[in-house]
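I have placed the structure first, in the form of structure tokens, so that the comments after it can refer back to it.
The values are calculated or read from the model by the stated rules, or taken from the named source; none is laboratory data. The structure displayed is predicted, hence computed values, not measured ones. Neighbour counts are summed over all protein chains in view; Cβ atoms, including those assigned to glycine, are modelled from backbone coordinates with ideal geometry.
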Amino acid sequence: MIQKPKGTYDVYGKKSKQIKYIEKILNSLMEKYNYEYMRTPLFENSELFHRGVGETTDIVTKETYDFLDRGNRNMTLRPEGTAGICRSFVENKMYGTYTMPVKTWYYGPMYRYERPQSGRYREFYQFGCEVFGSDNASIDAELISIPVNIYKLLGLKGIKVNINSLGDRDSREKYREALIKHFEPHIHEFCEDCQERFKKNPLRILDCKIDCDKEIMKTAPTTIEYLNDTSKKHFDKVKESLEALDIDYVVNPKIVRGLDYYTHTVFEVEADIEKFGSQKVLCGGGRYNGLVEAIGGPKISGVGFALGLERLLNALEAEEIDLDENNGIDIYVAPMSEKEESYSLGLTQSLRLSGFNVEMDYMNRKLQNNFKQADKLNAKFIIILGEDEVNTNILTIKNNKTKEEFKVSTDDVIEFFDNNIEEEHHE
Ligand code: AMP
């Protein structure tokens, strides 16, 4: 049998219900925050990721799915969402036609050729937001509040918000020099990747998973020590805004984030749950004031985050939060025989289009089995359709809970259900 590719998974059953529930929350929250949904291609010209995500970032140097298309173009399956959104923002000149800030969100699969393990896949889903055109620290805080509120709405308790600041380009440059000074005498003791990072982007050494326990790593200077006044002011305002939003956070100087383009605020939301696997980072993001320019756009700032769906599901499972709210269906339509099937089909459609959740029997079940099936589907009402009902257009409707029976003319059936089924189930 042909099996699914390594590092991928199928969605069905309980997981399918959980994901649909989460997606509903994401959609409605984004409307409340007034963000616009954007969709960009799953593959882009490879160069976009080299320029956008960075030449020294593992996800670009080691983990991309690259291919030559039939026209010999270098293509890459997107490993993350920011570069594509920025490309689209620039290509579609959104900076000229929208009022600032431009607040956008996306949701979809990302691809990284990583070693699969729990919470780490080769195809995984990210929900993310990107905001362009505002340097205001309140936006940084608003963005941090989005994942925090998503987790809150889902009932997740064990989360920890870590924030840090890399400062503006000037502060970052000074910090870079300090790092070079710090690591230079010892760089030969480091892994090959780190030696490469030392030349291209020494900040990335701090993210190394091989050399992370070295003493010289622990004594490295922190970005906070090198913030100039402007950068310090920005970071103070982020903290103040988080306090105004009632969001608990920890300033963690170890957070420098893997991607090359970050400036100022960087943050990660981590699962703080006992026995949670090693892939603890649920969500990460930050400000990238140089990225839009780096991919050929105007000098416009950006800030965003990406939240992983699979790790969120793991966290919900670890806290034993069940999102499978089986509200059941509104109406189950049971034709007595094949003769009433067409009539049932028509009735089912008109009820559905009037806003009710409706299922009918397609299996020629006996009446008793139809009752069982209606119970299984947690149906509120059952419509039993026999020859009489079809001839008279007077329907027999049974309340599946109270077992009360009603005779209702087809002309009044919508009104009947409108009066008897709670509003929340039909949109
Ligand atoms: P990153 O783009 O690396 O900052 O990742 C942002 C978020 O995406 C992480 O916090 C994870 O929740 C999720 N994520 C990243 N890589 C993977 C992966 N290979 N499998 C599942 N989730 C991932």
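At-a-glance table
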| item | result |
| --- | --- |
| Options 53, 11, 60; residue that is closer than 26 Å to residue 312 by Cα, out of contact with any Lys or Arg (no Cβ under 9 Å at 6 or more places or on another chain), of a type in the set (A, V, I, L, M) and loosely packed, with under 14 Cβ neighbours inside 10 Å | 11 |
| Residue check, residue 48 surrounded by 11 or more Cβ atoms within 10 Å (Cβ to Cβ), out of contact with any Gly (no Cβ under 6 Å at 6 or more places or on another chain), aliphatic (A, V, I, L, M) and free of Cβ contacts under 8 Å to residues at least 40 places away in the same chain | no |
| Qualifying residue in the stretch 70-92 (condition: surrounded by fewer than 20 Cβ atoms within 10 Å (Cβ to Cβ), more than 23 Å from residue 144 (Cα to Cα), within 20 Å of the chain's Cα centre (by Cα) and within 16 Å of the ligand (Cβ to nearest atom)) | no |
| Every pair of residues 6+ apart whose Cβ atoms lie under 8 Å, when the first sits in the stretch 291-320 and is more than 24 Å from residue 48 (Cα to Cα) while the second is more than 13 Å from the ligand (Cβ to nearest atom) and of a type in the set (S, T, N, Q) | 313/18; 316/18 |
| Every residue from the stretch 1-15 that is closer than 19 Å to residue 156 by Cα and either among the polar types (S, T, N, Q) or within 16 Å of the ligand (Cβ to nearest atom) (or both) | 15 |
| Test: residue in the stretch 112-127 that is away from the ligand (no atom under 13 Å from the Cβ) and touching a helix residue (DSSP H, G or I) at 6+ places or on another chain (Cβ under 6 Å) | no |
| Residues of the stretch 243-262 that turn out to be in contact with an Asp or Glu (Cβ under 8 Å, 6 or more places away or on another chain) and not in a loop (DSSP other than H, G, I, E, B), as a count | 0 |
| Among (1) within 15 Å of the ligand (Cβ to nearest atom); (2) within 21 Å of the chain's Cα centre (by Cα); (3) assigned to a loop (DSSP other than H, G, I, E, B), the one test that residue 265 misses | (3) |
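Results for (1) at pLDDT 95 or above; (2) within 16 Å of the ligand (Cβ to nearest atom), shown as yes or no for each residue.
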site: 246; (1), (2): yes, no
site: 269; (1), (2): yes, yes
site: 295; (1), (2): no, no
site: 311; (1), (2): yes, yes
site: 324; (1), (2): no, no
